[in-house]
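**Q** Dropping a structure here in structure tokens format, bear with me for questions.
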Amino acid sequence: MIARIWHGKTKQSDIERYSEFLKETAIPDYEKTAGFKSLTFLRSVKNDEAHFTLITYWENLEVIRNFAGQDFEKAKYYPEDKDFLLEFEEYVEHYEVFAF
């Protein structure tokens, strides 16, 4: 199993609106991908910014390519992200899960 980790940040005032967007749009998108296992969305506030960390779990790298494209190490963004995110980190991290 592979864990894919993404980070993004918004203004603190957007924390609830962005959280709702993620629940309504991003999570269903992940869930409809064959080979998707589960996810954990984390959020915290630091220095008036809301930080979001997404950890998704996938069967293997090929499944991630089906979701993110051949350049699977690049972050996948939605058009609505431009309304919230303060910056667009280009890459995500991948880890092999050896205990769950």
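**Q** Of all residues in region 30-69, which are among the charged types (D, E, K, R), in contact (Cβ under 8 Å) with a residue 24 or more places away in the chain and not in a strand (DSSP E or B)? Working first, answer last.
**A** Kept after step one, since they are among the charged types (D, E, K, R), are these residues of region 30-69: 31-32, 37, 43, 46, 48-49, 59, 62, 65.
Pick out the ones that are also in contact (Cβ under 8 Å) with a residue 24 or more places away in the chain and you get 37, 43, 48-49, 59, 62.
If the condition is that a residue be among the charged types (D, E, K, R), in contact (Cβ under 8 Å) with a residue 24 or more places away in the chain and not in a strand (DSSP E or B), then D48, E59, E62 are the ones that fit.
**Q** On to the next question. Considering region 28-58 alone, what residues qualify as being more than 12 Å from H7 (Cβ to Cβ), loosely packed, with under 15 Cβ neighbours inside 10 Å and in contact with a Leu (Cβ under 8 Å, 6 or more places away or on another chain)?
**A** If the condition is that a residue be more than 12 Å from H7 (Cβ to Cβ), loosely packed, with under 15 Cβ neighbours inside 10 Å and in contact with a Leu (Cβ under 8 Å, 6 or more places away or on another chain), then T40 is the only one that fits.
**Q** Hey, can you tell me all the residues within region 70-89 that are in a strand (DSSP E or B) and in contact with an Asp or Glu (Cβ under 7 Å, 6 or more places away or on another chain)? It would help to see each step written out before you state the result.
**A** Pass one, region 70-89, residues in a strand (DSSP E or B): 74, 85.
Listed by number, the list holds a single entry, K74.
**Q** Evaluate the following for E31: is it closer than 24 Å to V97 by Cα and either over 15 Å from the mean Cα position of the chain (by Cα) or of a type in the set (D, E, K, R) (or both)?
**A** Working: closer than 24 Å to V97 by Cα: yes; either over 15 Å from the mean Cα position of the chain (by Cα) or of a type in the set (D, E, K, R) (or both): yes.
It is true that E31 is closer than 24 Å to V97 by Cα and either over 15 Å from the mean Cα position of the chain (by Cα) or of a type in the set (D, E, K, R) (or both).
**Q** Could I ask something else about it? Any idea which of A50, A68 is modelled with pLDDT under 95 and among the hydrophobic types (A, V, I, L, M, F, W, C)?
**A** Details: A50 fails: modelled with pLDDT under 95.
Going through A50, A68 in turn, just one is modelled with pLDDT under 95 and among the hydrophobic types (A, V, I, L, M, F, W, C): A68.
**Q** Would you pick out the residues in region 1-30 that are among the basic types (K, R) and over 26 Å from Y95 (Cβ atoms)?
**A** Keep residues of region 1-30 that are among the basic types (K, R), which gives 4, 9, 11, 17, 23.
Those that are among the basic types (K, R) and over 26 Å from Y95 (Cβ atoms): K11, R17.
**Q** I'm told A3 meets every condition in (1) part of a helix (DSSP H, G or I); (2) touching a residue at least 60 places away in the same chain (Cβ under 8 Å) except one. Can you identify the failing condition by its number?
**A** Here A3 clears every test but (1).
The values are calculated or read from the model by the stated rules, or taken from the named source; none is laboratory data. Just so you know, these numbers come straight off a predicted model, no measurement behind them. Every residue, glycine as well, gets a Cβ built from its backbone with ideal geometry; the counts of neighbours run over all protein chains shown.
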